[in-house]
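Peer 1: Handing you a structure now.
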Amino acid sequence: MDFFDVFPDLRQEQDVSLKDRSLRLIALSGFPYDDAAFYFEVSQSRYWTRMPDGSPVMGLGSTQAKLTTPKPPLKILFRHIRNAWLSEPEFVPGGYITLVDGDRRAVLSSDAASYQGMPHVLLLTPPRLGGADVPDALVQAVYFLKLRKQPYPSQSPGILKIARDALGEFLAPERWALADLLEQPWAELIAPDPLPAGGFLRPVLALRALRRLWQEGLFSEDMTSC
């Protein structure tokens, strides 16, 4: 879906990653949190890979809602979280929008963040396939959403709960052995069934971008200060 059909207010932005570019919005991503923790979603088993010894590597990232219409994006994402996480989200407007375009980082003007329902992060990636009508970039709109109650996964293998004050420690390694992670006092797995004991968790997509922003000092508690 055309990015500017969903976020028409950003057509006037002058940033080089947005201005006069063909952008396709591919997903709405949510990083839910509450006063105590951040919550991350384990990917479906069909997307898992394996180590040379056969140990499964499970993707870990944001919860994602696909777009089929240019309806208000928060309405779509909220409905997804209610159905997939059995929780009630709340939008907390951010003071700015962080843009990640490959190795380029930018902060959009405060005016952009003031428009109703603007995401906290825009993640741009190059299209993988060629052909007709190929956009200049694919976009994920990333939101930090406060939860009114602890979630439970109804449509995924599990949700990982990470204490807020341990986020940096959690994001430091490129991947975690599941057994080692669950030994940490600040980590908890919420899952209907046990995950493979010898498996690994690896950040994917939006969480991988969040990890880079954290390491570069561009993500802070300001994004989730309420």
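The values are calculated or read from the model by the stated rules, or taken from the named source; none is laboratory data. None of the values given here were measured: they were computed from a predicted structure. Quick reminder, even Gly has a Cβ in these numbers, built from the backbone with ideal geometry, and neighbours come from all protein chains shown.
Peer 1: Considering only the stretch 22-42, state which residues are in contact with a strand residue (DSSP E or B) (Cβ under 7 Å, 6 or more places away or on another chain) and under 26 Å from Val134 (Cβ atoms).
Peer 2: Leu23, Arg24, Leu25, Ile26, Ala27, Leu28, Ser29, listed by residue number.
Peer 1: Show the residue pairs that are 6+ apart or on different chains and have beta-carbon atoms under 6 Å apart, the first residue being within the stretch 72-93 and over 19 Å from Lys149 (Cβ atoms), the second being modelled with pLDDT of 95 or more and surrounded by fewer than 18 Cβ atoms within 10 Å (Cβ to Cβ).
Peer 2: none
Peer 1: Further question: Could you tell me which of the residues Ser62, Ser29, Ser17 is more than 15 Å from the chain's Cα centre (by Cα), of a type in the set (S, T, N, Q) and surrounded by 13 or more Cβ atoms within 10 Å (Cβ to Cβ)?
Peer 2: That would be Ser17, the only listed residue that is more than 15 Å from the chain's Cα centre (by Cα), of a type in the set (S, T, N, Q) and surrounded by 13 or more Cβ atoms within 10 Å (Cβ to Cβ).
Peer 1: Only one of Val204, Val134 is among the β-branched types (Val, Ile, Thr), under 28 Å from Asp35 (Cβ atoms) and at pLDDT below 95. Can you tell me which?
Peer 2: Val204
Peer 1: Among residues belonging to the stretch 32-59 that are over 16 Å from the mean Cα position of the chain (by Cα) and among the charged types (D, E, K, R), point out the one that is surrounded by the most Cβ atoms within 10 Å (Cβ to Cβ).
Peer 2: It comes out as Arg50.
Peer 1: Could you go through the stretch 77-84 and let me know if any residue there is hydrophobic (A, V, I, L, M, F, W, C), within 26 Å of Trp176 (Cα to Cα), in a helix (DSSP H, G or I) and in contact with an Asp or Glu (Cβ under 9 Å, 6 or more places away or on another chain).
Peer 2: Yes, the conditions are met somewhere in the stretch 77-84.
Peer 1: Sticking with this one: Strands (runs of 3 or more DSSP E) wholly in the stretch 89-185 with at least 2 residues that are exposed (fewer than 13 other Cβ atoms within 10 Å of the Cβ) and in contact with a Gly (Cβ under 8 Å, 6 or more places away or on another chain) - which ones?
Peer 2: Qualifying strands (runs of 3 or more DSSP E): none found.
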